[in-house]
Each structure stands twice: as structure tokens, then as C-alpha cells.
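A quick write-up on the structure given underneath.
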Amino acid sequence: MLTTSQLANSAGVNVETLRYYERRGLLPEPPRRASGYRQYSQDDVARLQFIKRAKDLGFTLQEVQELLNLRVDPDTPCAMVKRRADLKIIDIEAKLQSLKRIKKALNKLAATCSGRGPVGDCPILEALGGDGTW
């Protein structure tokens with residue numbers, strides 16, 4: 001059995017993250033020792049690592065909860081999990097396109113500024129405070 005800090009260290013998260021996941025229902029309430037300390041098992045380590053990996057892939061906590069729910073039902077078709085992965089890929093593609101537009105706009109703004117003179121004459125700040133066209 002593991003303590004809270006041992007579980008957090010084993011999964012590579014901090015203790016506050018672990019407690020947050022418990023409050024959100026991603027980790028079940030662990031049994032407690034007579035002293036009141038929580039005690040975790042290796043199954044909890046595996047579950048926490050699953051959560052962390054899913055988060056690293058961009059899944060929201062709500063999506064992670066859905067994946068965890070699918071994972072515990074042996075009758076869940078793999079296609080349901082794949083569908084969620086496909087939707088996440090679509091979401092990531094949209095974010096990449098948005099980031100490319102932001103980068104292009106920032107490059108355009110940065111090119112207008114020589115980096116000299118007082119801040120009151122900064123074309124970047126003027127553009128940000130203006131009509132939003134760049």
C-alpha cells in the first residue's frame with residue numbers, strides 16, 4: 001500500500017493534483033488506515049498514470065472521465081474509444097490552424113516595430129489598442 005505522496009511520486013504528479021483528481025471523481029476515495037492516512041494500491045498508480053497520459057495527449061478531465069468509464073466496461077466496443085481519439089485529433093487540428101493564424105498576425109505586428117523609441121509610439125501596442133486589424 002502507498003501513501004498519498006508515494007502515489008503522487010510513482011505517477012509523476014504532485015499531491016495537490018492527486019487530491020484534485022479525487023475531488024473530481026477521477027480517482028476513487030481510497031481506504032484509510034486507522035491513523036487516518038489514505039492508502040493506495042498499484043491499481044491506483046496505473047489509473048493515475050492513465051489519467052496523466054490522457055491529459056498529456058490533450059484530453060480534458062471530462063474526456064478522461066469518459067475514457068475511464070469506457071475502460072471499465074468489457075463490453076465497450078473499441079470503436080467508441082477510437083471515435084473519441086478521432087474527435088481529439090480534429091480538435092487538435094483546429095487548434096493548430098488557430099495557432100498558425102496567431103503566429104502570422106504576431107509576425108506581421110512584430111515586423112512593424114523597430115524596437116526603438118518610446119513605448120507610446122509602439123506600433124504593436126497601437127495595433128492591439130486599435131480596431132484589431134493587423
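The values are calculated or read from the model by the stated rules, or taken from the named source; none is laboratory data. Just so it is clear, the structure is predicted and the values come from calculations on it, not from any experiment. Cβ atoms come from the backbone with ideal geometry, glycine included; neighbour counts cover every protein chain shown.
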- Would you say residue 81 is surrounded by 14 or more Cβ atoms within 10 Å (Cβ to Cβ), β-branched (Val, Ile, Thr), outside the structural domain of residue 9 (by TED's automatic domain parsing) and farther than 25 Å from residue 6 by Cβ? yes
- Message: Condition first: surrounded by 12 or more Cβ atoms within 10 Å (Cβ to Cβ) and farther than 14 Å from residue 8 by Cβ. Now tell me which residues in the range 27-45 satisfy that.
- Response: 41
- Determine whether the range 12-20 contains at least one residue that is hydroxyl-bearing (Ser, Thr, Tyr) and over 17 Å from the mean Cα position of the chain (by Cα). no
- Can residue 35 be described as at pLDDT below 95, outside any loop (DSSP other than H, G, I, E, B) and of a type in the set (Ser, Thr, Tyr)? no
- Message: under 29 Å from residue 3 (Cβ atoms), under 19 Å from the mean Cα position of the chain (by Cα) and surrounded by 13 or more Cβ atoms within 10 Å (Cβ to Cβ): is that true of residue 64 in this structure?
- Response: yes
- Query: Can you name the residue in the range 56-106 that is of a type outside the set (Val, Ile, Thr) and outside any helix (DSSP H, G or I) and is also nearest to residue 20 (Cα to Cα) among such residues?
  - Reply: 59
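Let's see how each residue does on (1) more than 23 Å from residue 95 (Cβ to Cβ); (2) without any contact (Cβ under 8 Å) to a residue 40 or more places away in the chain; (3) of a type in the set (A, V, I, L, M):
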site	(1), (2), (3)
4	yes, yes, no
23	yes, yes, no
29	yes, yes, no
32	yes, yes, no
35	yes, yes, no
41	yes, no, no
44	yes, no, no
47	yes, yes, no
54	no, yes, yes
- Item | Residue check, residue 71 out of contact with any helix residue (DSSP H, G or I) (no Cβ under 8 Å at 6 or more places or on another chain) and among the basic types (Lys, Arg) | no
- Message: Quick check on residue 120: is it without any contact (Cβ under 8 Å) to a residue 12 or more places away in the chain, loosely packed, with under 10 Cβ neighbours inside 10 Å, part of a helix (DSSP H, G or I) and not assigned by TED's automatic domain parsing to the domain that holds residue 27?
- Response: yes
